[in-house]
1. Please determine, by comparing only the residues of segment 177-235 that are of a type in the set (Ser, Thr, Tyr) and over 25 Å from residue 19 (Cα atoms), which one is surrounded by the fewest Cβ atoms within 10 Å (Cβ to Cβ).
2. Failed condition for residue 144, given (1) in a loop (DSSP other than H, G, I, E, B); (2) under 15 Å from residue 81 (Cβ atoms), with all others met?
3. For residue 32, are the conditions met, namely being over 15 Å from the mean Cα position of the chain (by Cα) and within 14 Å of residue 188 (Cα to Cα)?
4. If you go through segment 161-176, how many residues are at pLDDT below 85 and either among the small types (Gly, Ala, Ser) or not in a helix (DSSP H, G or I) (or both)?
5. Using beta carbons and a limit of 8 Å, which pairs, at least six apart or on different chains, have the first residue in segment 81-109 and more than 21 Å from residue 164 (Cβ to Cβ) and among the basic types (Lys, Arg) and the second one assigned to a helix (DSSP H, G or I) and modelled with pLDDT of 90 or more?
6. Look through segment 2-25, keep the residues that are more than 19 Å from residue 208 (Cβ to Cβ) and under 20 Å from the mean Cα position of the chain (by Cα), and return whichever of them is modelled with the lowest pLDDT.
7. So which residues in segment 140-164 are under 11 Å from residue 96 (Cα atoms) and of a type outside the set (Val, Ile, Thr)?
Amino acid sequence: MEGLVLQNLTTGYGDRAVIKNLNLEVASNTTLILMGLSGSGKTTLLKTILGIIEPMGGSILLAGRNITFVATENRNIGYVPQNYGLFPHLAVGDNIAYGLRMRGMAWEEQRIIVRRMLEFVELVGYENKGVMELSGGQQQRVALARALAVKPDLFLLDEPLSNIDQATKYDVAHDMKRLFASLNIPIILVTHQYEDAQFFGARVAIMLDGVVEQIGSYNELILSAKTPFIKKLLTPFTQE
């Protein structure tokens with residue numbers, strides 16, 4: 001299939017396997033919410049897909065090609081880390097253009113794409129501002145723009161809403177949902193917050209101890225959770 005396919009993927013650190021024989025598919029134009037407690041293997045999986053961690057076994061297929069042992073910079077993956085990963089000494093436009101510059105793109109073409117991305121994330125006029133002058137929500141938009149400027153085959157986000165206040169989170173989450181709907185690539189969003197799964201989750205995968213325990217929509221998982229743990233993970237603590 002087009003999109004992302006993980007086949008019998010085993011990965012971890014040194015000789016310790018955190019994830020064993022994982023099979024998972026994320027089709028193009030699909031958002032998968034990867035949810036679980038800290039230490040469940042979510043970030044390890046993202047790092048393996050990115051090529052930061054080399055798998056012990058299995059394969060990673062993306063857009064019809066095997067990228068299991070392809071260098072990170074050649075995988076064509078957009079990534080937004082939890083802390084956004086912006087360069088504080090660079091202006092907004094230069095942050096967005098970073099991946100384009102690393103690919104050797106001509107300066108004029110970089111500027112065209114940067115302006116297009118600023119329109120896309122509704123930050124027109126911010127190109128020359130320092131990123132440290134921006135609010136948390138605006139920094140998040142810059143990180144999204146930088147990740148998408150390279151036209152990736154896959155978009156990965158690690159806890160993208162965890163570092164912003166509740167009022168800002170409302171606006172950013174709605175902007176992200178609009179943005180996701182316009183992309184025709186697979187998207188994986190890692191979170192431990194049930195609200196994120198409920199809001200974005202056409203498809204939610206629950207991970208526990210390196211194993212995907214159950215996959216379904218948020219409502220499906222609430223109604224037919226395989227274990228009490230899964231239901232508890234997806235239920236507000238104020239609700240009995």
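1. Once the filter is applied, the top-ranked residue is 182.
2. (1)
3. No; evaluated as a whole, the condition is false for this residue.
4. Total satisfying the criteria: 6.
5. Correct list of pairs: 101/110.
6. If we take residues in segment 2-25 being more than 19 Å from residue 208 (Cβ to Cβ) and under 20 Å from the mean Cα position of the chain (by Cα), then 2 is modelled with the lowest pLDDT.
7. Those that are under 11 Å from residue 96 (Cα atoms) and of a type outside the set (Val, Ile, Thr): 141, 143, 144, 145, 146, 147, 148, 149.
Every residue, every condition in (1) among the small types (Gly, Ala, Ser); (2) out of contact with any helix residue (DSSP H, G or I) (no Cβ under 6 Å at 6 or more places or on another chain); (3) not in a strand (DSSP E or B), yes or no:
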residue	(1), (2), (3)
190	no, no, no
195	no, yes, yes
206	no, no, no
212	no, yes, no
219	no, yes, yes
225	yes, no, yes
231	no, yes, yes
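The values are calculated or read from the model by the stated rules, or taken from the named source; none is laboratory data. Note that the structure is a prediction, hence the values are computed from the model and not measured. FYI the Cβ positions are ideal-geometry reconstructions off the backbone, even for glycines, and counts take in every protein chain you see.
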